[in-house]
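Structure, as structure tokens:
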Amino acid sequence: MIDDFKPFHVSNIDLKDFIKKRQHFSLDEWIDMLINTMGLNPEVYTQRQKLILISRFVPLVENNVNMMEFGPRATGKTYFYRNISFYTRIFSGGVITPAQLFYNIARRTVGEIGMKDCIVFDEITKLRFPNPGDMMGKLKDYMVDGHFERGPKKATSLCSLVLMGNIDVTGYVPAEDINYALPEFMRNDTAFIDRIHGVIPGWEIPKIKRSEVHLSKNYGASVDYFSEILHGLRRFYFAPLIRSKIELEGVTIRDEMGIYRVASGMAKILFPDKKFDEDELKLIMDLAIEYRQKLADLLHRMAPGEFERGKISYKVIVI
């Protein structure tokens with residue numbers, strides 16, 4: 001007989017209430033709350049570093065967004081994705097098979113990409129595929145529109161992808177030095193890199209050294225509660241709202257898709273109530289364009305005949 005039960009995980013959430021409560025915070029207060037929720041102390045980070053940290057939320061709140069982050073060790077990359085959401089799956093290097101990722105023909109079960117909100121390829125340099133050509137083909141096909149096929153199985157998924165790697169850096173890292181951190185079968189594949197929507201400049205984040213300095217000392221959201229909030233926000237689409245206010249210039253269709261998906265994710269996490277002014281919209285757009293510009297520059301260097309060098313820009317058409 002059960003005579004008492006205390007739930008150890010939040011059983012339900014009120015997403016509308018969460019969105020409504022956003023109005024009680026200034027933008028700076030909201031950003032600090034998000035940083036505290038990560039378990040970090042916002043007082044030791046600059047405003048730009050805080051925004052870079054918050055951009056890690058994008059794959060957790062936005063469907064089918066593909067991002068990369070490279071930076072030094074001990075900046076909290078893996079810790080963030082492992083602890084902030086229960087809907088992520090982390091592969092730390094090693095061999096990944098099509099059965100694990102897409103569909104297990106023998107067991108007739110869908111792989112991780114069909115079950116999770118976000119797949120993280122950690123220690124990306126050490127990643128191995130049994131048949132790189134076949135696996136990369138399936139991965140690139142999925143990264144376009146969320147469709148995948150294996151054997152008799154044809155399916156779609158909203159799962160986002162994150163590629164993470166450790167690099168030793170001192171100061172600024174130009175875009176042309178990023179792809180060396182990828183495994184060889186990804187490194188020179190322009191079609192694959194073009195499907196990445198943004199590069200998070202993790203090299204700008206300082207290492208977490210002393211717990212009494214770098215770890216949170218203030219209030220943030222409970223992780224089990226916030227995990228469900230992040231999962232719930234994926235049902236909303238902010239891209240049409242942003243498209244109605246912005247006109248992009250100097251972009252390809254892939255640039256456009258990447259910028260709007262990253263911008264939508266940033267808008268969801270910073271302004272879930274969809275209330276932001278022109279300066280706040282520019283804050284989001286500047287970051288989204290910067291993240292995609294790094295890839296555009298890299299692609300031009302890799303294949304200058306196919307990818308023209310250009311500067312992505314935008315203008316606000318209505319606010």
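Looking at this model, which pairs from Lys245/Lys282; Lys16/Lys50; Lys116/Lys274; Lys116/Lys207; Lys126/Lys207; Lys207/Lys268 are more than 20 angstrom apart at the alpha-carbon? Table pairs above 20 Å Cα-Cα are Lys16/Lys50; Lys116/Lys274; Lys116/Lys207; Lys126/Lys207; Lys207/Lys268.
Cα centroid separation, region 72-86 to region 259-281: 23 Å.
Per the Cα gyration tensor, region 1-127 maps to an equivalent ellipsoid with semi-axes of 29, 24, 14 Å, ordered largest to smallest.
Peptide packing: for 119-131, 142-154, the average count of neighbouring Cβ atoms within 10 Å per residue gives the ranking 119-131, 142-154, highest mean first.
Among Pro240, Pro183, Pro201, the largest mean-square fluctuation in a Gaussian network model of the chain (Cα springs under 10 Å) belongs to Pro240. For region 15-235, the relative contact order is 35 percent, taking Cα pairs closer than 8 Å that sit 6 or more residues apart in sequence and dividing their mean separation by the residue count. When Phe25, Phe185 are arranged by Cβ crowding within 10 Å, least crowded first, meaning fewest neighbours, the order is Phe25, Phe185. Across all directions, the average projected area of the convex hull around the alpha carbons of region 15-235 is 12.9 nm².
Placing +1 on the Cβ of each Lys and Arg and -1 on the Cβ of each Asp and Glu in region 1-105, which of Asn63, Gly39, Asn83 has its Cα farthest towards the positive end of the resulting dipole? Among Asn63, Gly39, Asn83, the one farthest towards the positive end of the dipole of region 1-105 is Asn63.
DSSP assigns beta bridges within region 15-235; of those with both partners inside it, close to 25 percent run antiparallel.
Where a number appears in this text, it was derived from the coordinates with a stated rule and is not lab data. Quick caveat: nothing in here was measured; it's all calculated off a predicted structure. Cβ atoms come from the backbone with ideal geometry, glycine included; neighbour counts cover every protein chain shown.
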